[in-house]
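Notes follow the structure.
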Amino acid sequence: MNENTKHQTPNTRKASSAKHQPRNDAADGTLVFGIWCFFGVWCLGLGVSAASGLKTRTQHVLDLLRLYESRNVTFIEPDGSWPMVWDRARDAHVWDAEGKKYLDLTAAFGVAAAGHANPRVVKAGQRQMNKLLHAMGDVHPHALKAELARELSRITFERWTVAADVRRRNPGRKGSVRLLTSAATGKTIFCNSGFEAVEAALKTATLASGKRGVIAFEGAYHGLGYGALNATHREHFRGPFRSQLGQFAHFVPFPEAGQASRLTQKTSDDPLKEIQEDRRDACPTRERVEDCIQRLFRREQIGAILVEAIQVRGGINIPPPALLPLLRRLC
Ligand SMILES: Cc1ncc(COP(=O)(O)O)c(C=O)c1O
């Protein structure tokens, strides 16, 4: 029994077979009508498949997203000219769904910093997936998790602190890790996304300082979770959810390298007031940013400053080199 007949009752099966064995005029008419219907449907089918044959793979994918992905996730130009649909990637190159090759200057948000489809990364991933894909997160640890946390500490926190001295004084000593106290090592929280990492940092700062306030920068993007969103400056992300937010962030202007000289003189004694007046044409100097932060320190309970080393979604804003050392000093 084929797909078309298996749901038919014996009577309908009989009727349909009768259609193909005409015995009188009426049956002939039915036959002609049936053939025309069949021909019409067949032509329609051909027309649809011809039309869909004209569709590029890119258009097909974008159409699926328009139909099935929640709004406000992938930005799609109405004429389909953006985004390009990625099909595959290798080293520094990406191919789109039409087979066109591009040079990837983004390293895919840095995820492909070691190159797209780097064979060593792929092999390591395959080997691990074959061995142990999941260890229930915070329940059952595995060796690689502990070793990765140690490496992250070594290349960051320990380079800047007393731990570096311990290692320098005990080069190559196997048990030197035992010489490190817990206070001398950096600690890691493994997260699934950028906003989660930001929120982990915000929580850590609150626990350490006992203060709820956070200083963030105009133009900042820190993600869209309900914690990180407080410190994301863009109104169209934050506005619709404002009533549900803790609103603990205070924004100060982000100084840009090479543009500070545009501001020749202060127009107000209160830099915060100037910012509230939205003088966006005047790029703030590092000194004014420091003024703003010092004032907030006096007025609010500030437990953290959250900053992007380079603002990206805010428009590729590069701060003067002195900004990060200044923030470190203020903290
Ligand atoms: C600086 C910065 N912080 C946080 C995020 C949020 O990351 P995610 O989208 O993975 O939550 C982004 C994402 O673009 C980002 O650029």
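In the range 109-144, which residues are under 22 Å from the mean Cα position of the chain (by Cα) and over 23 Å from residue 189 (Cα atoms)?
115, 116, 117, 118, 122, listed by residue number.
Please name all residue pairs, on different chains or six or more residues apart, with Cβ atoms under 7 Å, provided the first residue is in the range 302-331 and is more than 18 Å from residue 109 (Cβ to Cβ) and the second residue is among the hydroxyl-bearing types (Ser, Thr, Tyr) and at pLDDT 95 or above.
303/206; 303/209
Take the residues in the range 298-312 that are loosely packed, with under 15 Cβ neighbours inside 10 Å and not β-branched (Val, Ile, Thr); name whichever of them is farthest from the ligand (Cβ to nearest atom). Show your work before the answer.
Applying the first criterion (loosely packed, with under 15 Cβ neighbours inside 10 Å) to the range 298-312 yields 298-299, 301, 309-310, 312.
Of the ones still in play, those that are also not β-branched (Val, Ile, Thr) are 298-299, 301, 309.
Working: 298: 28, 299: 26, 301: 24, 309: 9 Å.
Among them, the one singled out is 298.
Consider the range 226-250. How many of its residues are small (Gly, Ala, Ser), surrounded by fewer than 17 Cβ atoms within 10 Å (Cβ to Cβ) and within 15 Å of the ligand (Cβ to nearest atom)?
So the answer is 0.
Among the numbered criteria (1) closer than 27 Å to residue 307 by Cβ; (2) modelled with pLDDT under 95; (3) in a helix (DSSP H, G or I), which single criterion is violated by residue 178?
(1)
When only residues in the range 54-74 that are at pLDDT below 95 and within 23 Å of residue 236 (Cα to Cα) count, which is surrounded by the most Cβ atoms within 10 Å (Cβ to Cβ)?
Once the filter is applied, the top-ranked residue is 72.
Do we find that residue 194 is touching a Gly at 6+ places or on another chain (Cβ under 8 Å) and either near the ligand (Cβ under 9 Å from one of its atoms) or free of Cβ contacts under 8 Å to residues at least 40 places away in the same chain (or both) in this structure?
For residue 194, the condition - touching a Gly at 6+ places or on another chain (Cβ under 8 Å) and either near the ligand (Cβ under 9 Å from one of its atoms) or free of Cβ contacts under 8 Å to residues at least 40 places away in the same chain (or both) - is met.
The values are calculated or read from the model by the stated rules, or taken from the named source; none is laboratory data. What you see is a predicted model, and the numbers here were worked out from it, not measured in a lab. Here the Cβ is made from the backbone with ideal geometry for all residues, glycine too, and neighbour counts use every protein chain on show.
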